[in-house]
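Since the structure comes first, as structure tokens, the remarks are kept for the end.
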Amino acid sequence: MFCLGLAGCVLAGGDSGSGGSPLDGSTGDGDGDLGGDGDISGDGDISGDGDISGDGDISGDGDTSGDGDGFTGPDLCAGTTVDKVDLLFIVDDSQSMLQEQAALRDQFPKMVRTLTSGQQLNPDGSVRATFPPVTDLHLGVVTTDMGLVGVDGVPSCQNGLGKDGRLQNTGSVDVGGCNPTYPTYLSFVAGDNPDQLALDFQCVATVGTGGCGFEQQLEAGLKALWPAADIDPQTGMQWVDPLTGQPGNRVTFLPDGNGNGRYGHGDGANAGFLRSEAGAGASLLGVVLVTDEEDCSASNTTLFTPAQYLPDGHPVKDHPINLRCFYNKDSLYAVDRYVNGLRALRQGTEELVVFAAIAGIPADLVQLRGDDGNPLVDLEDAAMREQWYDTMLEDQRMIERVDETQPEVAKRNLVPSCITETGKAFPPRRIVEVARGFGENGIVQSICQTDFSGAVDSILGRVIHGVSDACALE
């Protein structure tokens with residue numbers, strides 16, 4: 001969350017860098033990156049019916065429990081399993097996230113035990129579901145801090161690339177027993193100690209609260225995973241731009257003033273985290289976003305320039321700093337960039353990508369089960385799933401509205417979607433639409449609660465669903 005208190009200056013003209021885009025929201029620069037419609041490959045659009053791939057729809061043909069968590073009935077356990085999982089957490093490191101990071105940290109032991117044991121337990125300790133255990137697990141974390149290219153004077157926001165989607169490996173001083181540093185990502189194979197893995201991940205995933213308050217959650221995750229060398233899986237050769245006939249990259253990123261940062265870190269700083277080895281079998285990729293703010297992944301950072309450093313008549317000068325993303329949505333990347341981009345990391349096996357978010361959605365809007373444990377929503381049912389998202393986005397608390405009760409216009413923000421004892425959160429409409437684009441492989445849960453156990457259980461259900469055909473026990 002961004003707080004006022006501005007000092008400093010901006011670069012002349014507020015230029016967003018050599019790869020920046022004009023304020024009209026255009027993201028094309030002639031070098032093969034995504035256009036305004038977010039289509040990566042001419043055949044990669046997400047249809048309105050939530051189908052993940054043209055030939056890979058698995059909805060409605062296996063869930064006999066009707067609980068919406070993706071567990072098939074006890075007579076449908078046979079199937080191809082995936083025993084490798086790469087879980088990337090995108091954790092908001094702005095100053096409002098202290099309690100939320102602690103609540104997330106508390107769930108890591110259960111998460112690791114569940115995935116590595118092949119058993120998901122109910123709150124009373126009884127076995128809720130069994131599935132083939134994950135025998136090869138990678139855990140990584142990035143933050144939402146992508147800096148502000150070309151912009152000075154915003155507290156906690158670096159003029160530059162920020163943490164830039166690079167995997168974090170510094171041990172937290174707020175967690176007992178942490179080492180100063182860790183490997184870039186954490187690994188587990190069968191026979192390792194899952195409790196030690198959970199503790200280590202608690203250490204690296206507690207990322208602090210000193211990050212930029214203009215969170216670019218979706219851009220951070222995509223940059224963490226997308227490779228600098230965009231290899232066509234069908235040919236084994238670098239992708240060729242059909243417009244120019246030259247090798248290029250389907251996804252590029254906003255560089256700094258020196259031209260650095262244009263390409264992703266998937267095969268560079270973060271190499272090895274995502275397994276895509278030919279012949280060895282791809283891993284399931286799970287992307288889990290945890291934030292109390294809406295995504296503000298911007299193709300043009302000029303909109304973040306403090307008003308006192310903008311000339312009179314500048315289009316954003318009169319916009320309160322906290323409302324810059326709200327008033328300038330045409331400067332944000334289209335959400336299809338992230339749906340299509342993440343799915344393209346598993347081209348041809350898009351069902352091996354799961355997207356989940358714990359964000360500012362009121363808790364009563366994301367319930368999958370009633371208080372009695374009975375299912376309320378079946379995420380494998382496309383019509384029921386779409387109704388779930390429609391109801392969520394149409395709820396008044398999820399509508400973005402300026403809070404005009406704040407008398408000082410420059411300090412105005414949006415009306416929170418929820419307020420709890422740990423703080424407030426704001427409507428994450430873009431994040432919800434990304435999850436929706438993943439069909440039954442997407443899920444959203446609420447950060448508007450002190451205990452994330454239910455949220456993590458639901459997310460684990462999606463990951464388990466993606467890993468294999470699992471068994472619901474009577």
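All of the numbers you see were taken from the coordinates with simple rules; none came from a lab. None of the values given here were measured: they were computed from a predicted structure. Counting neighbours? That spans all protein chains shown, and the Cβs are built from the backbone with ideal geometry, glycine included.
Within a 10 angstrom radius of the beta carbon, how do 464, 231, 358 rank from fewest other beta carbons to most?
The order, fewest Cβ neighbours first, is 231, 464, 358.
Taking R0 as 22 Å, what FRET efficiency do you get between residue 327 and residue 102 from their Cβ-Cβ distance, rounded to the nearest 0.05?
0.10
Does region 327-474 come out rounded, prolate or oblate, given a ≥ b ≥ c as the square roots of the eigenvalues of its C-alpha gyration tensor, rounded meaning a/c under 1.5 and, failing that, prolate meaning a/b above b/c?
Since a/c reaches 1.5 but b/c is at least a/b, the shape of region 327-474 is classed as oblate.
Cut-off is 10 Å between beta-carbons; in what order do 237, 392, 146, 384 appear when sorted fewest neighbours first?
Final ranking by Cβ density, sparse to dense: 237, 384, 392, 146.
Sorted by mean Cβ packing within 10 Å, highest first, what order do the peptides 405-413, 213-221 take?
Packing order, densest peptide first, comes out as 213-221, 405-413.
Sort 93, 364, 83, 200 so that the residue with the fewest other Cβ atoms within 10 Å of its own Cβ comes first and the one with the most comes last.
So the residues, fewest neighbours to most, are 364, 83, 200, 93.
Can you list the lysines whose alpha carbon is less than 27 Å from that of residue 110, not counting same-chain residues fewer than 8 positions off?
Candidates past the 8-residue exclusion: 84, 424.
How far, in nm, would the chain grow between residue 394 and residue 421 when pulled straight, counting 0.36 nm per residue and subtracting the alpha carbon separation?
Stretched out fully, the residue 394 to residue 421 stretch lengthens by 7.2 nm.
Rounded if a/c is under 1.5, else prolate if a/b is larger than b/c, else oblate: which is region 206-344, with a ≥ b ≥ c the root eigenvalues of its Cα gyration tensor?
Taking the square roots of the gyration eigenvalues as a ≥ b ≥ c, region 206-344 is prolate.
Straight-line reach from residue 317: which lysines have a Cα under 21 Å away, not including same-chain ones fewer than 8 places off?
329, 411
Taking square-rooted eigenvalues a ≥ b ≥ c of the alpha carbon gyration tensor, is region 156-223 rounded, prolate or oblate, where a/c under 1.5 means rounded and, failing that, a/b exceeding b/c means prolate?
prolate
Residue separation times 0.36 nm, minus the C-alpha to C-alpha distance between residue 308 and residue 367: what's the value?
Stretched fully, the residue 308-residue 367 segment lengthens by 16.8 nm.
Please turn the phi angles of region 93-105 into ³J(HN,Hα) values with the Karplus equation 6.51 cos²θ - 1.76 cosθ + 1.60 (θ = phi - 60°), one per residue in order, whole Hz, x for glycine and proline.
My calculation for region 93-105 gives 10, 7, 6, 8, 9, 4, 5, 5, 5, 5, 5, 5, 4 Hz in order.
Over what distance in Å are the Cα centres of region 118-152 and region 410-455 separated?
Using only Cα atoms to place each centre, the spacing works out to 17 Å.
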